[in-house]
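Heads up: the structure comes next, in structure tokens.
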Amino acid sequence: QTATSLKLDLNKFNADRKIAPDAIVEDFRLGRKLGVDGTPTFILNGEVVTGAASLADLEKALAQVTKK
């Protein structure tokens, strides 16, 4: 009902719902491989920012990785 009320493409919505569980598992595996243990986590060219980062924190991390 919600998808219909939002006027979503129901064929695409249902196809995406079928692949979502596998995609979630793969994302989880990748996170574990990268050492992610919480959300949010941002990895910017190897620079890791975890937790509720401020805009200033993200800008600082981005500035660091663009120097590399």
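Here are the numbers for this structure:
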quantity: Residues located in the range 45-68, provided they are of a type outside the set (Val, Ile, Thr) and in contact (Cβ under 8 Å) with a residue 12 or more places away in the chain; calculated: ASN45, GLY46, GLU47, GLY51, ALA52, ALA53, LEU58, ALA61, LEU62, GLN64, LYS68
quantity: Criterion violated by SER54 - all others in (1) surrounded by 11 or more Cβ atoms within 10 Å (Cβ to Cβ); (2) modelled with pLDDT of 90 or more; (3) of a type in the set (Ser, Thr, Tyr) satisfied; calculated: (1)
quantity: Selection status of ALA61, of a type outside the set (D, E, K, R) and at pLDDT 90 or above; calculated: no
quantity: Complete set of residues in the range 40-51 that are in a loop (DSSP other than H, G, I, E, B) and either touching a Ser or Thr at 6+ places or on another chain (Cβ under 7 Å) or modelled with pLDDT of 90 or more (or both); calculated: PRO40
quantity: Any chance LYS12 is basic (Lys, Arg) and at pLDDT 95 or above; calculated: yes
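The values are calculated or read from the model by the stated rules, or taken from the named source; none is laboratory data. Model, not experiment: these values are computed from the prediction. FYI the Cβ positions are ideal-geometry reconstructions off the backbone, even for glycines, and counts take in every protein chain you see.
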